[in-house]
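Participant: If you scroll down you'll find the structure; I have some questions about it.
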């Protein structure tokens, strides 16, 4: 099993390009099921989740090819078999990632039938799909559960537009919004989605669908209006840059007192993160991209030697994203004072607390809140990666810690960061990937 071996204390300097967003690319790949014409997606990252979904789409009759240099690879998709026999997303693939549920809406809208296994993903708390099913049912789909599979059938005359409320216990649902929006593009009449997700990835998906011929307005707001059309065409679309990856590398600069310039940075989609970074004493010098584009900006990140504590609560966009909570916690362990972090999206998303504590962090959890009391230093230790973003937080801690940090089970990281160790090494980090069987005996204790 792969492991990261990090020698901490290196100051990071240099520049790197932010890669395309996994969270945008996955539902956009599923949207290729809405047409039998070729779909081209640019800047698709080469990640484990992307590969899994491409394999799944192949089983669903949508042939895919992914090639090109790291960070700028092109995904070509073409749906060639829309039969019911090719409309079953099997458990063996779906269980590895939650985004597989995004095949449900496009298939039931285009083919009139879909069978999708209940999804899997990271162990960060309960994430039910009832809002997805409620939304599709409102469009007229008949939903049944059979042997762990969700089966959706459209009426003979197809789906029909409706007014749908997608609010849930923890706010709007991102993948649920994507699923219902995709299905509504081919429904007859007008669909209104109230309490729609406002995330930039949903906006990017809407932009792609509009290029395909969909009639969508209100994307980026809680009220989406979709006028159904008879057919969608192929498209050539560049996936937006990954705001979570950008935030992770910004914090890598901060925790190492570094100086990093991020190219292709979606800073305009990161205003809540930007506000907290500035409050911590992290400096951001922004140069807009072509045509004054702040979703493709160059951002130089430097840090004051002393980081200031902050308080924040994770919320749906435009609030502070839950996917940067762990990385922020790792950075705030070295702030001068007490920080307060409250997790409102996934209240159990704190598996990294125990691992950071092993490195000398002073953390106290009370329910959905963690109080972070800054310490003078972190100390390297063997730690266990529990989920994708927790893994990134442990990498940041290891970069700043004194001594050696061993991060086990880094396959979680490979789901969301392409060649993370190589890119950090180019910035000056002492980090390498090794097989845990090759680690010296004195470096393996306590993690597994």
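Participant: Tell me the residue from 289, 360 that is assigned by TED's automatic domain parsing to the domain that holds residue 254 and at positive phi, please.
Facilitator: That would be 360, the only listed residue that is assigned by TED's automatic domain parsing to the domain that holds residue 254 and at positive phi.
Participant: Among the residues of segment 303-312, count how many are surrounded by fewer than 16 Cβ atoms within 10 Å (Cβ to Cβ) and in contact with a strand residue (DSSP E or B) (Cβ under 8 Å, 6 or more places away or on another chain).
Facilitator: 2
Participant: Please tell me if residue 203 is within 19 Å of residue 320 (Cα to Cα) and out of contact with any helix residue (DSSP H, G or I) (no Cβ under 7 Å at 6 or more places or on another chain).
Facilitator: yes
Participant: Exactly one condition in (1) at pLDDT 95 or above; (2) surrounded by fewer than 19 Cβ atoms within 10 Å (Cβ to Cβ); (3) out of contact with any strand residue (DSSP E or B) (no Cβ under 7 Å at 6 or more places or on another chain) is not met by residue 440; state its number.
Facilitator: Condition not satisfied by residue 440: (1).
Participant: Quick one: in segment 365-386, of everything that is closer than 18 Å to residue 421 by Cβ and within 25 Å of the chain's Cα centre (by Cα), which residue is surrounded by the most Cβ atoms within 10 Å (Cβ to Cβ)?
Facilitator: 383
Participant: Okay, moving on. Select from segment 192-233 the residues that are more than 23 Å from the chain's Cα centre (by Cα) and part of a loop (DSSP other than H, G, I, E, B) and list them in ascending order.
Facilitator: 212, 213, 214, 228, 229, 230, 231, 232, 233
Participant: Whether any residue in segment 30-38 is surrounded by 17 or more Cβ atoms within 10 Å (Cβ to Cβ), assigned to a helix (DSSP H, G or I), touching a helix residue (DSSP H, G or I) at 6+ places or on another chain (Cβ under 9 Å) and modelled with pLDDT under 95 is what I want to check. So that I can check it myself, show each step before the final result.
Facilitator: Going residue by residue through segment 30-38, those that are surrounded by 17 or more Cβ atoms within 10 Å (Cβ to Cβ) are 30-36.
Now drop any that are not assigned to a helix (DSSP H, G or I), which leaves 30-34.
So of that shortlist, the ones also touching a helix residue (DSSP H, G or I) at 6+ places or on another chain (Cβ under 9 Å) come out as 30-34.
Narrowing further to those that are modelled with pLDDT under 95: none.
No.
Participant: Can you report the number of residues in segment 202-226 which are touching a strand residue (DSSP E or B) at 6+ places or on another chain (Cβ under 6 Å), farther than 20 Å from residue 26 by Cα and in contact (Cβ under 8 Å) with a residue 40 or more places away in the chain?
Facilitator: 2
Participant: Here's something else I'd like to know. Return the residue satisfying two criteria in turn: it lies in segment 247-269 and is under 14 Å from residue 320 (Cα atoms) and either part of a loop (DSSP other than H, G, I, E, B) or in contact (Cβ under 8 Å) with a residue 60 or more places away in the chain (or both), and of such residues it is farthest from the chain's Cα centre (by Cα).
Facilitator: Residue satisfying both the conditions and the ranking: 269.
The values are calculated or read from the model by the stated rules, or taken from the named source; none is laboratory data. Everything quoted here is computed from the prediction, not taken from an experiment. Here Cβ is always computed from backbone atoms with ideal geometry, including for glycine, and neighbour counts include all displayed protein chains.
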